[in-house]
Each structure stands twice: as structure tokens, then as C-alpha cells.
Amino acid sequence: MPGAEAAQVPRHIAIVMDGNGRWAKARHRPRSFGHNAGRKAVREVIEASLREGVKALTLFAFSSENWQRPQEEVGALMSLFVRALDKEVDELHGNGVRLRFIGDLGAFDEPLRQRMHAAMERTAGNTKLQVNIAVNYGGRWDIVQATRQAALAVARGELAAQDIDETRLGQWMSLAELPPLDLFIRTGGECRISNFLLWQVAYAELYFTDTLWPDFDQACLRQAIEDYARRERRYGRTGEQVTPLS
Ligand code: FPP
């Protein structure tokens, strides 16, 4: 029954794409070589998500902490983003992908910012799959910016402080308009969240794999989705409440 099968597919997947550096090191190549290879893996998961019927895919491309990396690596990543935007947007648009960048975009230089905004505007009408690229993003930053918006609404007299609740604050969090995060994947063997989507991860299923990001392909995504389909999501209730015994 196709409906039952579709329910097993997460509507919203987030990925911490870790392991590019180690992948390059194993090949005695610079870290930027690993990031370049990581770009192919991004294509793979976008294609697989389109095929699987995933509605939103959120990728951690550059954290607010990544600025601390050697200047050379940060520069290589920035030019990789520019090249990727110049090369991939046409095809993504043709495939019905809506592109969004989330994070504090103000820190990027003007040409890159312009490209990001142009890509968002160009693909704004697409509905098949939304791909969110988190850049200069941090989960704590996200909670702070939502809180700031709530404080401003209170200051303007549009909202009473006692009316701030999870639903209200959640509306200001990045990606609030999308289906809730179902599946959180991290490649590269580490088992941590690393300040990604802290608010949104509350009820997501977590999936950690040793596979290094450049090796993550469509079969790897399928495996993660199959693992997700076997999980029982209880949201604080008992197993019997979720799946009553017949
Ligand atoms: C983490 O691996 C990866 C990054 C900080 C960069 C992610 C960027 C890409 C995958 C490039 C393509 C992205 C787009 C959106 C075009 P790491 O360097 O921390 O690896 P390590 O843990 O092995 O050192």
C-alpha cells in the first residue's frame, strides 16, 4: 500500500556532513579536496531525497564555529560554495527544488550573499523538495534570534510576555514553516549534535554512522531511512498508547 510506505519516509531530514577532512587525509590530500568530494555527496542525497519523496532536507555546511578553522580552509570552503551555486542552481531549479540558506548570512562577503539571495529568489516557487543549507548557523544563535524577535514584539505591544510559549517562540525559529524534523543524521563517527538545530531536534530520531561524508551515497540514505522506519516514535507516551495491542 503506497500510503503506508510513504508514512515510513521522513518528511524532514537534517544532516551533519562530517568527515571530509579525514577522507582527504587518508588520501594524502588537503582538506579542501575532501570538501570538494563532499559536494558530490550533497548531489547524491538531494537526488535520493527527490526520489524517496522527502519534503525537506537541511544540511549543515558551515557552522558559526567553523570561522576558527585555518584561513586557507575557510577561503576554500567559501569559493566552493560560490562554485556550487554557479553550477548547480539551474539543475536544482529544473528539478523543482527550493533552496534556502539559514543562519547569520550577514557575515559573508557581498558576492556570496548576493548569490545566496538570487538562488533563494529564483527557486522560491518550487515545491517538490526544500533544501536548506545552514551556513554560519548555530542552534543557540537560532534560539537567541527567535527570543530577540519575541522581545521586540513585546516591546511593540503586539505580544504580552506571559503569552510567550513553545508554540509562539517556535514560530520564530528557523524552518518553522516546514514539517518538523523527523530524522537527524551525522556522518563521520562522532555522536554529537554540535550546536545544529537544537530546538528542532527535540523529537527527531538520531542516526549516527561511521561513513565519512564523501562516501555517503544514495544507498547510505536508504539505509538511514530504513532504520528510521523501524523506530517507534512515542513523543513521551507509552508503546501501548502509540501502537494499541489488538
Ligand atoms: C565537516 O567535515 C564538513 C564541513 C565543515 C564542510 C561541509 C561542506 C561540504 C560538504 C561541501 C559541500 C557543501 C555544499 C552545500 C555545496 P570536517 O572537515 O570537519 O571533517 P573531519 O571531521 O574529518 O576533519
Item to check | Pairs, first closer than 19 Å to ASN132 by Cβ and among the aliphatic types (A, V, I, L, M) in region 55-79, second in a strand (DSSP E or B) and within 11 Å of the ligand (Cβ to nearest atom), C-beta under 6 Å, six or more apart | outcome: LEU57/VAL131; LEU59/ILE15; LEU59/ILE133; ALA61/ILE133; ALA61/VAL135
Item to check | Residues located in region 7-43, provided they are of a type in the set (Gly, Ala, Ser), at pLDDT 95 or above and more than 7 Å from the ligand (Cβ to nearest atom) | outcome: ALA14, ALA24, ALA26, ALA37
Checklist entry - With ILE193, ILE185 as the choices, which residue is within 16 Å of the ligand (Cβ to nearest atom), closer than 30 Å to ALA48 by Cβ and either in a strand (DSSP E or B) or in contact with a Cys (Cβ under 8 Å, 6 or more places away or on another chain) (or both)? => result ILE185
Item to check | Failed item in (1) modelled with pLDDT under 95; (2) within 16 Å of the ligand (Cβ to nearest atom), with CYS220 passing the rest | outcome: (1)
Item to check | Matching residues in region 21-43 - criterion: being within 17 Å of the chain's Cα centre (by Cα) and within 27 Å of ASP142 (Cβ to Cβ) | outcome: HIS35, GLY38, ARG39, ALA41, VAL42, ARG43
Checklist entry - Among (1) at pLDDT below 95; (2) in contact with a Gly (Cβ under 8 Å, 6 or more places away or on another chain); (3) within 7 Å of the ligand (Cβ to nearest atom), where does LEU77 come up short? => result (2)
Checklist entry - What single numbered condition from (1) touching an Asp or Glu at 6+ places or on another chain (Cβ under 9 Å); (2) of a type outside the set (A, V, I, L, M); (3) in a loop (DSSP other than H, G, I, E, B); (4) surrounded by fewer than 16 Cβ atoms within 10 Å (Cβ to Cβ) fails to hold for ASP227? => result (3)
Next on the checklist: Being in a loop (DSSP other than H, G, I, E, B), modelled with pLDDT of 95 or more and surrounded by 13 or more Cβ atoms within 10 Å (Cβ to Cβ): is that true of LEU169 here?
Outcome noted: no
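The values are calculated or read from the model by the stated rules, or taken from the named source; none is laboratory data. What you see is a predicted model; the values in this text were computed from it and never measured. Ideal geometry is used to build each Cβ from the backbone, glycine not excepted, and the neighbour counts take in all protein chains shown.
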